[in-house]
Amino acid sequence: MKLPPPLLAALSALRTAGGRPRLVGGCVRDWLLGFEPKDFDIEVYGLDYEAIGRALAPFGPTDLVGRSFGVLKVRLAGTEYDFSLPRRESKTGAGHRGFAIEPDPNLTEAEAAARRDFTLNAIAYDPLDDHILDFHGGVDDLKKKLLRHTGPAFVEDPLRVLRAFQLAARFEFTLAPETAALCRSISETYRELPVERVWGEWDKWATKAVKPSQGLRVLKQSGWLRHYPEIAALDGLPQEPEWHPEGDVFVHTGHCLDALVGLPAWRDGTPNQRRILSLSVLAHDFGKATTTKQAKKRGQLRWVSPEHEAAGGPFAETFLQRIGAPLELIGHVRPLVVNHLLHHHGPAEFRDTTVRRLARKLAPATIDDLIAVMLSDHLGRPPLVPQETVQRIEHLRAAAQRLVLEHAAPKPIVLGRHLIALGLAPGPQFTPALDAAFESQLDGAFNDEAGGLEWMRNYLRAHPTVIKSIANTHS
């Protein structure tokens with residue numbers, strides 16, 4: 001593993017002082033998977049806390065805030081690294097935080113590795129001798145892409161089940177059957193988890209997954225899907241085979257999510273854009289749980305879900321609240337869920353007025369966001385990929401680009417300052433006049449300031465009571 005020279009020098013100093021520094025955790029896993037490690041966590045054996053501090057002092061200021069946990073932070077060439085003592089953990093209470101942590105410099109590498117969650121996260125690496133330390137078969141499990149618990153202490157921390165969920169999605173891991181059974185045995189401990197920790201794992205799933213459906217499968221296999229009833233309701237929910245040959249709504253949602261992460265909108269997006277899109281696609285068919293039924297269509301009895309888009313809005317909001325998502329996400333996700341089938345309604349061509357009003361309705365989400373959700377939904381029906389649907393979506397994209405509305409909602413052209421410039425005194429009666437102007441703008445009555453002012457002059461001439469009421473307000 002190639003290490004930054006300042007870190008390598010610090011590790012050499014620790015060994016000179018009699019310590020045995022080891023790289024542990026995600027950086028070793030990622031390196032063995034062929035990814036470039038970004039965060040380096042170092043455990044130091046054979047030295048106490050003070051000796052580690054003395055050995056690292058020449059390299060820069062040390063932060064001792066983690067002393068009670070045996071962690072010392074050092075900034076090397078502008079990058080902060082955690083150097084920690086091996087530690088013992090004993091369960092003292094419920095949940096993820098119910099542990100007593102005791103640093104122990106005399107702990108062996110094998111004993112320290114046993115406290116980690118999965119075998120593939122329990123692999124350590126000696127960077128100075130270029131030697132892997134694997135006491136629990138983690139290297140073999142990594143080759144098999146298998147998430148297997150390191151030991152019986154796994155059950156003491158329920159957050160580890162959600163770690164399995166997001167790790168499976170990020171690295172296409174599968175869950176070992178014996179680990180799945182252990183997860184099912186602690187399902188009741190979910191309620192002990194702080195909601196902010198739940199959100200932390202969902203956020204990693206939403207922003208880092210390469211195969212999101214794999215995470216959902218782990219939730220199902222582990223028995224933890226029941227903690228998310230909006231998703232659980234999709235499992236086994238039938239769809240019309242002619243339109244959805246892929247299977248039930250749960251299977252369809254997984255295909256949609258896997259398609260999403262291959263689209264440029266997600267792949268090239270910021271973390272915030274990724275979480276908006278991932279959670280919108282996850283929730284796009286939540287409404288089918290209450291609207292799916294059999295009805296006659298084209299002379300046959302078929303499975304249909306009329307108006308499931310609108311029904312899905314409240315379910316999406318409830319789900320986001322349950323997982324502790326930031327409140328602003330709801331404002332983005334809900335309109336994307338409610339409008340994800342808009343391209344199936346009406347003519348294939350989109351009128352300018354329709355596009356303007358859609359952009360306004362979606363805000364703060366955008367038409368670009370909606371197109372990504374639409375495409376994901378469309379691609380989630382393998383092997384069906386009807387070109388007519390793709391053409392409809394591309395017509396919407398073209399119209400939004402032509403109106404420069406793909407990334408933002410239209411803004412009112414006529415503002416209060418324009419009414420003042422026309423000689424009107426500010427007051428509450430500005431509101432109906434400005435609202436009327438904006439509605440006409442959306443209808444295409446004008447598209448620049450000059451046109452807006454002319455429209456307002458005509459409006460005021462046609463509505464003299466508006467001017468009179470404004471005057472009365474300030475008489």
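The values are calculated or read from the model by the stated rules, or taken from the named source; none is laboratory data. Remember, predicted model here, so these are calculated numbers, not experimental data. In this analysis, Cβ positions are derived from the backbone assuming ideal geometry, glycine residues included, and neighbour counts consider all displayed protein chains. These accessible areas exclude ligands, DNA and RNA; they are computed on the full protein's heavy atoms, side chains included. Shrake-Rupley method; radii C 1.70, N 1.55, O 1.52, S 1.80 Å.
Brief remarks on what is shown
- Selection count where residues are within 27 Å of Glu240 (Cα to Cα), open to solvent by 50 Å² or more (accessible area, probe 1.4 Å) and assigned to a helix (DSSP H, G or I), scope the range 361-394: 5
- For the condition part of a helix (DSSP H, G or I) and not basic (Lys, Arg), Leu358 qualifies.
- Residue in the range 8-34 that is farthest from the chain's Cα centre (by Cα), counting only those that are crowded, with 19+ Cβ neighbours inside 10 Å and within 16 Å of Leu120 (Cα to Cα): Arg22
- Within the range 283-290, not a single residue is without any contact (Cβ under 8 Å) to a residue 12 or more places away in the chain, surrounded by fewer than 16 Cβ atoms within 10 Å (Cβ to Cβ) and not basic (Lys, Arg).
- Selection status of Leu370, closer than 26 Å to Val333 by Cβ, among the hydrophobic types (A, V, I, L, M, F, W, C) and at pLDDT 95 or above: yes
- Residue check, Asp258 within 18 Å of Arg381 (Cα to Cα) and over 15 Å from the mean Cα position of the chain (by Cα): no
- Qualifying positions in the range 423-456 - open to solvent by 60 Å² or more (accessible area, probe 1.4 Å), over 19 Å from Ala359 (Cα atoms) and in a loop (DSSP other than H, G, I, E, B): Gly423, Pro426, Pro428, Gln429
- The range 127-153 - residue that is touching a helix residue (DSSP H, G or I) at 6+ places or on another chain (Cβ under 6 Å) and assigned to a helix (DSSP H, G or I) and, of those, surrounded by the most Cβ atoms within 10 Å (Cβ to Cβ): Gly138
- Close pairs from the range 132-153: first within 19 Å of Arg217 (Cβ to Cβ), partner in a strand (DSSP E or B) and open to solvent by 40 Å² or more (accessible area, probe 1.4 Å), Cβ under 8 Å, at least 6 apart: Lys145/Thr174; Leu146/Thr174; Leu147/Thr174
- Just so you know, in the range 201-232 the residues that are among the aromatic types (Phe, Trp, Tyr) and not in a helix (DSSP H, G or I) include one that is farthest from Thr318 (Cα to Cα), and it is Trp224.
- Residues of the range 299-310 include at least one that is over 17 Å from Asp377 (Cβ atoms) and touching a residue at least 60 places away in the same chain (Cβ under 8 Å).
- Check on Asp117, touching a residue at least 40 places away in the same chain (Cβ under 8 Å), charged (D, E, K, R) and touching a helix residue (DSSP H, G or I) at 6+ places or on another chain (Cβ under 9 Å): yes
- Yes/no for Arg217 being touching a helix residue (DSSP H, G or I) at 6+ places or on another chain (Cβ under 6 Å) and touching a residue at least 24 places away in the same chain (Cβ under 8 Å): no
- Residue match in the range 266-280 (condition: more than 15 Å from the chain's Cα centre (by Cα) and either open to solvent by 50 Å² or more (accessible area, probe 1.4 Å) or closer than 14 Å to Leu379 by Cα (or both)): no
- When restricted to residues that are assigned to a strand (DSSP E or B) and either open to solvent by less than 10 Å² (accessible area, probe 1.4 Å) or of a type in the set (S, T, N, Q) (or both), the range 303-335 contains 0.
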